[in-house]
Amino acid sequence: MRKKFLAVSLATVMGLGLLTGCGSESAPAESASEPAATEEAASAKEEAPAEEEASAEEEAPAASSANDKLVVGFAQIGQESGWRDGETNDVQWYAAQHTDTIDLVFADAQQKQENQIKAIRNFIDMGVDVIAFPPVVETGWEAVLTEAQEAGIPVILVDRGVDESCADLYATQISSDFIWEGAQAADIVGDLLEGKGNVVELEGTVGASAANERKEGFDNELADKYPDIQIIESQTGDFTRALGKEVMESFLKSHNDIDAVFAHNDDMALGAIEAIKEAGKKPGEDIVIVGCDGVKGAFEAMVAGEMNGTVECNPCLAEQIFDTAAKLKAGETVDKWIVSNDGVFRQEDAEAELPNRTY
Ligand code: GYE
């Protein structure tokens with residue numbers, strides 16, 4: 001039976017060769033040289049329209065009843081950040097290492113909730129065993145999650161959460177603790193400013209749990225522990241480097257008394273660094289910069305003295321995702337929240353840690 005599914009699918013990156021997961025420095029030759037995967041990947045890349053669904057019909061992996069493999073539909077948000085690319089690479093790399101036991105159906109929603117919902121509906125139609133996805137925003141999932149539940153397909157929320165009203169509509173969430181991350185960032189800022197000064201905040205995507213909760217953790221920790229530090233501006237940079245730069249430029253135009261920047265991700269922090277340099281100031285010295293994620297670029301910036309800290313957010317979730325999916329397929333119950341273990345890094349730690357960064 002032929003069913004339609006998003007063109008940017010399981011084969012998309014399998015043929016790229018450079019693909020690596022968090023656990024490995026280089027992909028083994030076989031994942032790059034499988035002819036079918038390579039061909040399919042190439043054509044998927046060329047033919048995939050800028051957004052929405054592919055026009056071409058493709059053979060869907062067999063539904064669970066006819067397939068011993070674990071079939072997981074993954075509806076990725078998009079490619080907004082280095083962190084996101086790290087997660088995608090890890091998921092696709094891991095699946096490529098386990099083709100004997102795993103079928104991954106991968107969709108890229110190009111930053112749009114409606115595309116994520118379409119992809120999830122596709123997965124339901126295909127009868128995948130488990131659906132995994134990072135909800136781009138917290139709200140608006142009731143209908144599609146109810147459909148998944150009615151179809152008997154367990155859902156894993158990956159790296160972001162949904163609002164309380166959907167608490168009974170998913171099996172588990174595998175993610176970091178964003179409130180903790182925000183509080184850690186506040187402690188670095190508070191310490192480096194010695195408890196006094198003006199901070200601007202570059203927020204993540206409006207409505208995303210990663211943005212809402214990092215803000216909550218950061219703002220509350222500052223208010224509690226550092227009452228003489230003010231947040232003088234807080235605006236979204238949508239988790240992208242380009243917008244982080246743009247918003248920082250406008251902050252710098254309206255304030256010449258900015259002592260620190262907290263960016264909800266490292267990509268926006270890197271954008272802010274560019275804006276600060278272009279404004280003739282020294283990032284990391286004149287203005288303290290702290291981000292979240294722990295991407296390689298942030299460590300390079302810290303080694304260069306241009307950034308002061310980052311709170312890690314682990315994107316290497318593939319093994320946990322597929323292990324958990326296998327348990328759910330087998331009818332086992334799993335914890336409602338599987339929390340990642342993250343580290344906090346300051347400029348002085350960066351040089352030693354840089355070689356260990358995998359994303
Ligand atoms: O911090 C950011 C990405 O949801 C935890 O999304 C994730 C966040 C991550 O775009 O860089």
Sites residue 151 and residue 225 - FRET efficiency at Förster radius 56 Å, r taken between beta-carbons, to 0.05: 0.75
Which FRET efficiency value, to the nearest 0.05, do you get for residue 253 and residue 85 by plugging their Cβ-Cβ distance into 1/(1 + (r/R0)^6) with R0 = 25 Å? 0.20
What are the residues whose amide H is under 5 Å from the amide H of residue 103, where those residues sit 5 or more places off or on another chain and H is modelled from the backbone? 70, 71, 72
On a C-alpha basis, how far is the centre of segment 137-191 from the centre of segment 250-311 in Å? Whole number, if you could? 28
What residues qualify as long-range amide H neighbours of residue 307, i.e. H under 5 Å apart, gap of 5 or more or another chain, H built at 1.01 Å from N? 302
With every protein chain kept in place and ligands, DNA and RNA left out, what is the accessible area per residue of segment 178-313? Probe 1.4 Å, answer in Å². 37
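If R₀ is 35 angstrom, what is the calculated FRET efficiency for the pair residue 101 and residue 300, using the beta carbon separation as r and rounding to 0.05?
With R0 = 35 Å, the Cβ-Cβ based efficiency is 0.40.
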Using a 1.4 angstrom probe with every protein chain in place, what is the largest-first accessible-area order of 166, 316? 316, 166
To the nearest 10 Å², what's residue 226's accessible area with a 1.4 Å probe? 40
Any lysines whose Cα falls less than 20 Å from that of residue 336, other than same-chain ones fewer than 8 residues away, would be 327
Which length gain, in nm to one decimal place, applies between residue 353 and residue 112 when the Cα-Cα distance is subtracted from 0.36 nm times their residue separation? 83.3 nm
Find how much the distance from residue 326 to residue 277 grows on full extension, using 0.36 nm per residue of separation minus their present alpha carbon separation; answer in nm with one decimal. 12.8 nm
Taking a ≥ b ≥ c as the square roots of the eigenvalues of the Cα gyration tensor, with a/c under 1.5 meaning rounded and otherwise prolate when a/b exceeds b/c and oblate if not, segment 179-264 is oblate
How do 301-312, 228-239 rank on mean C-beta neighbours within 10 Å, highest first? 301-312, 228-239
Residues with amide H under 5 Å of residue 128's amide H, sequence separation 5 or more or different chain, H placed in the peptide plane at 1.01 Å from N; which? none
Would you count, across segment 234-312, every pair of lysines whose alpha carbons are under 18 angstrom apart, provided the pair is eight or more residues apart or spans two chains? 7
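Please give the contour-minus-distance gain from residue 242 to residue 285: 0.36 nm per residue of separation, less the Cα-Cα distance, rounded to one decimal in nm.
Values: separation 43, 0.36 × 43 = 15.48 nm, distance 2.21 nm.
The residue 242-residue 285 span can extend by a further 13.3 nm.
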Expected vector for segment 115-130, Karplus 3J(HN,Hα) from phi with 6.51, -1.76, 1.60 and θ = phi - 60°, integer Hz, x for Gly and Pro, equals 5, 5, 5, 4, 4, 5, 4, 4, 4, 5, 4, 6, x, 4, 6, 9
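The values are calculated or read from the model by the stated rules, or taken from the named source; none is laboratory data. These numbers were taken from a predicted model, which means no experiment stands behind them. Note that we place each Cβ from the backbone using ideal geometry, even for glycine, and neighbour counts take in every protein chain shown. We work out accessible area using only protein heavy atoms, side chains counted, and drop any ligands, DNA or RNA first. Shrake-Rupley method; radii C 1.70, N 1.55, O 1.52, S 1.80 Å.
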